[in-house]
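Q: Mind having a look at this structure? Questions to follow.
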Amino acid sequence: MSKSRRNQKSFLNEVSEKESRGLQQQAIVSHNKYQKYDLDWFKPRGRQVEIMDAVDTHDWVAVEAPSGSGKTTALLWKALSLIQQGKYKRLVFVRGVMEVGDDCIGYLKGSEEDKLSAHFDSTRELFLDFMSKGKLECEEKVGNIVFKIPNFLLGATIQPDTIYFLNECQTFSPMTLKLLMERVSDGCKLLMDADRQQTYAIKKRKDGFSDFIDKVTEVDEDGRYSIEPLFKYVKLTTNENQRGAISKRVTELYSVE
C-alpha cells in the first residue's frame, strides 16, 4: 500500500472516530435533556408538610429552621417537582458569598463561572440528590437551573415562570435582601430559607432576614405569624432535626428563642 493511500486511510479512520464520538456525545446530551428528576425517594416528613402546603398556596414563602431540619432539601424538592410538572420553566438559586471561620482567604480569581463554582459546590451536592451529574450539567447549560450570587443580579429582572430561591437569607444584609426580593416579576414564585443561628461570616453585619421578618410578621402567644397577605412564614424547631442526635443537641444548645 502506498504512503499516500495509508495516509488517506488513517485520515478516514480519524474522521470516523470523531464522528462516532460526536454521535455518542449527542446521545448522552439527548438522554440528559429528557431524563426526569429523581424525586420519588423523598417524602416530606413532620412539619415539612407545612412547607409544601405553603408553597402550594402562596407565591412568596420563607422557611426559618435550624441546621439539619431539611429546609433546603424540602424546598428544593418542591421547586423541582413544580418544574417537572410544567408549572414553572426554570429555577434561579441564589446564595451569598461569605468567608466562614476566623481566617480570610482572599478573593477568587477567574470568570463568573469559576468564582461561582467554588461557592456552589456544596449546593450542587443537594441537586445531585435529585438528578444525575450529567442532567444537572445539561440543565445549567440550557438555563433551566441557574446559580447566582447577589453581585450578578443588580439591575436584573426575574422573568415569569421562574422559581426564585434565596438560600441562607441570614447571610444577606438588609439592603442586599431588599435588592434580591425586588427583582421578582409577576408569575414567579419566591422561596426563601434561613437559620438565624447560622451567622458565621467574618465580617459581622446586620442580619437581613431578621430585619425582613420583623416587617412582615408579628408574635402572639401562639408564636410568630404573617401579617402580609402575599407572604407565608413557616418555622421549624430543633425537634425537626433529621441529621442525627449530636447535630440536634448542638442546635438545642445554641438555640435562642
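The values are calculated or read from the model by the stated rules, or taken from the named source; none is laboratory data. For clarity, every value in this text was computed on a predicted model and none was experimentally measured. FYI the Cβ positions are ideal-geometry reconstructions off the backbone, even for glycines, and counts take in every protein chain you see.
Q: Would it be correct to say that ASP40 is among the charged types (D, E, K, R), loosely packed, with under 14 Cβ neighbours inside 10 Å and not in a loop (DSSP other than H, G, I, E, B)?
A: The answer is no for ASP40.
Q: Please list, ordered by residue number, the helices (runs of 4 or more DSSP H) wholly in region 48-144 having 3 or more residues that are surrounded by fewer than 21 Cβ atoms within 10 Å (Cβ to Cβ) and at pLDDT 95 or above.
A: Correct list: 48-57, 71-84, 133-142.
Q: Only one residue in ARG183, ARG249, ARG205 is in contact with a helix residue (DSSP H, G or I) (Cβ under 8 Å, 6 or more places away or on another chain) and not acidic (Asp, Glu), so which one is that?
A: Residue meeting the stated conditions: ARG183.
Q: Looking only at region 154-168, filter to residues that are modelled with pLDDT of 95 or more and buried (at least 17 other Cβ atoms within 10 Å of the Cβ); which one of those is farthest from VAL92 (Cα to Cα)?
A: ASN167
Q: Looking at region 154-254, what strands (runs of 3 or more DSSP E) fall wholly within it and have at least 1 residues that are closer than 19 Å to VAL63 by Cβ and in contact (Cβ under 8 Å) with a residue 60 or more places away in the chain?
A: Counting at least 1 such residues, we get 162-167, 189-194, 232-235.
Q: Which members of region 177-202 meet the condition of being among the polar types (S, T, N, Q) and at pLDDT below 95?
A: GLN197, GLN198, THR199
Q: Select from region 14-47 the residues that are at pLDDT below 65, within 19 Å of VAL142 (Cβ to Cβ) and either in the same structural domain as MET131 (by TED's automatic domain parsing) or not small (Gly, Ala, Ser) (or both) and list them in ascending order.
A: GLN25, GLN26, ILE28, VAL29, HIS31
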